[in-house]
Amino acid sequence: MSENLTSADRVPEYPLRRDPQCPFAPAATVRRMTREEPVGKVRIWDGSTPWFITRHADQRALLNDPRLSIDEKRPGYPHMTRSRAASAPHHPALITNTDPPEHTRLRRTVNAPFMVKRVEALRPRIQAVLDGLIDDMLAGPNPVDLVQAIGLPVPTLVITEILGAPYEDHEFFQTTSHVLISHESTPDQAGEAGRALGGYLARLFAEKMAAPGDDVMSEMAGRVKAGEMSAEEAITMSSAILIAGHETSASMISLGTLALLDNPDQMELLRERGDDPKFVTNAVEELLRYLTIVHSGIRRIANEDIPLRDKVIKAGDGVIFELAGANYDGEEFPEPEQLDLLRPARQHHAFGYGAHQCLGQSLARVELQVVYSTLYRRVPTLALAVPFAEVPFAMEGVAYGLKSLPVTW
């Protein structure tokens with residue numbers, strides 16, 4: 001590719017897929033642009049060329065900047081997929097598509113169950129869920145697919161309990177969620193999945209309105225009755241929480257295990273120091289940085305002209321923030337290609353940054369701390385059951401993960 005990456009006919013196509021030889025790191029073009037052209041452009045599915053911001057410091061400055069908007073209904077917004085663009089005009093106001101002060105109001109309606117103190121109170125329950133799943137795995141067939149045995153069940157059991165949805169419907173949640181977040185879904189497929197999930201949650205929400213329990217949907221039912229939010233907002237928020245609450249943590253559990261098996265010195269370090277909460281906490285942050293599973297970028301549109309380095313982002317221009325670029329920015333994280341569980345990594349952008357930072361990040365952290373400190377200690381001989389090159393990656397979603405992870409012990 002020419003050095004002039006932003007010339008009209010040589011703009012890189014985005015999303016930029018990871019290198020199969022180095023699947024955990026961002027694509028080589030992302031790493032090169034971070035070093036050489038941190039304010040560049042990429043071409044997305046509709047032929048438009050939004051700005052592409054990769055440096056850690058630039059993302060810190062702009063992701064809290066009111067000159068950028070997350071309003072996906074505006075012309076020129078750089079949508080992730082054709083399906084998302086088609087459905088955006090019909091989306092109700094959500095924490096994922098509104099700016100302050102509306103965003104502040106909506107986030108307040110669902111923030112409490114995901115605050116650190118309430119999430120920490122769930123730690124014993126998460127531990128019990130994991131221990132039960134490990135018991136079942138050790139008593140069952142060997143080898144096993146860790147995605148199905150541990151990766152998906154842990155966060156799905158937890159998020160359904162928090163939300164107030166029955167776990168026995170998890171196959172339906174997982175199927176519809178996959179269609180909704182996949183870059184390969186057509187608008188019709190995504191629309192059908194969205195209607196199916198929305199109808200299911202609407203029926204469940206009606207039950208919560210009539211007979212509330214101790215869960216997030218019931219809390220939102222109370223807010224609807226008090227006039228603080230609409231039923232449509234509550235149902236759509238429930239869908240977003242359900243999808244995000246199991247997809248990303250499931251990916252991190254299986255991918256983190258694969259990364260540690262690929263770095264046996266770091267796996268051994270985690271086994272040796274897994275009873276040290278401070279070490280485990282930092283190890284989770286480094287794995288979040290190293291893997292950066294959200295690989296479709298954070299999207300915004302400019303409200304006004306924004307000078308940045310030697311460029312000017314014009315009002316109405318789309319902007320994509322590449323999180324993996326920031327997390328592999330050598331100025332912030334020296335030797336970023338190295339997995340180093342002792343590295344101070346808390347400043348990573350795996351959950352985004354700013355007002356729209358991931359709502360469920362505290363829950364994800366606790367889930368991962370419990371899994372990473374327990375699984376490899378209880379199964380000290382855990383090993384891949386196939387060569388690394390045969391592990392099937394799933395790259396088609398908003399976050400990447402594994403289709404399966406065959407392991408033995």
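Structure data summary
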{"read-out": "Test item: Cα-centred dipole of the chain, Lys/Arg +1 and Asp/Glu -1 on Cβ, debye", "value": "800"}
{"read-out": "Residue-normalised accessible area of the chain, expressed per residue, 1.4 Å probe, Å²", "value": "42"}
{"read-out": "Mean separation of Cα contacts under 8 Å, 6 or more apart, over the residue count of the range 144-220: relative contact order %", "value": "33"}
{"read-out": "Where labels lie 7 Å past Cα in the beta-carbon direction, separation of D19 and Q347 in nm", "value": "2.5"}
{"read-out": "Area of L288 that stays accessible when all protein chains are in place (1.4 Å probe, Å², to 10)", "value": "10"}
{"read-out": "Largest-first ordering by accessible area, 1.4 Å probe, given options F205, F351", "value": "F351, F205"}
{"read-out": "Overall form of the chain per C-alpha gyration tensor (a/c, 1.5; a/b vs b/c)", "value": "oblate"}
{"read-out": "Heavy-atom accessible surface of the range 188-292: percent carbon and sulfur, 1.4 Å", "value": "51"}
{"read-out": "Calculated over the range 311-409: convex hull of Cα atoms, volume per residue (Å³)", "value": "173"}
{"read-out": "Alpha-carbon centroid distance for the pair the range 332-350 / the range 136-191, whole angstrom", "value": "29"}
{"read-out": "Cross-link pairs beyond the 31 Å C-alpha cut-off, checked among K117/K208; K278/K311; K41/K73; K208/K403; K117/K314", "value": "K278/K311; K208/K403; K117/K314"}
{"read-out": "Value of relative contact order over the range 175-239, rounded to a whole percent, pairs C-alpha under 8 Å and six or more apart", "value": "27"}
{"read-out": "In the range 312-367, GluC sites (Glu not before Pro) in a DSSP loop with at most 15 other beta-carbon atoms within 10 Å", "value": "E331, E337"}
{"read-out": "W51 accessible area, 1.4 Å probe, all protein chains in place, Å² to nearest 10", "value": "30"}
{"read-out": "Relative contact order %, the chain, counting alpha carbon pairs below 8 Å whose residues are six or more apart", "value": "25"}
{"read-out": "Probe 1.4 Å, all protein chains present, accessible-area order of L16, L375, largest first", "value": "L16, L375"}
{"read-out": "CD proxy at 222 nm, helix term only [per DSSP H run n ≥ 4: -39500 (n - 2.57); per residue of the chain; nearest 500]", "value": "-14500 deg cm²/dmol"}
{"read-out": "Antiparallel DSSP beta bridges within the chain, as percent of all bridges there, nearest 5", "value": "85"}
{"read-out": "Listed residues P153, P100, L138: farthest to the positive end of the dipole of the range 54-181 (Cβ charges)", "value": "P100"}
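The values are calculated or read from the model by the stated rules, or taken from the named source; none is laboratory data. Please read all numbers here as calculations on a predicted model, not as lab measurements. So basically every Cβ, Gly included, is an ideal-geometry build from the backbone, and we count neighbours across all protein chains shown. Protein only, heavy atoms only, side chains kept; ligands, DNA and RNA dropped before computing areas. Shrake-Rupley method; radii C 1.70, N 1.55, O 1.52, S 1.80 Å.
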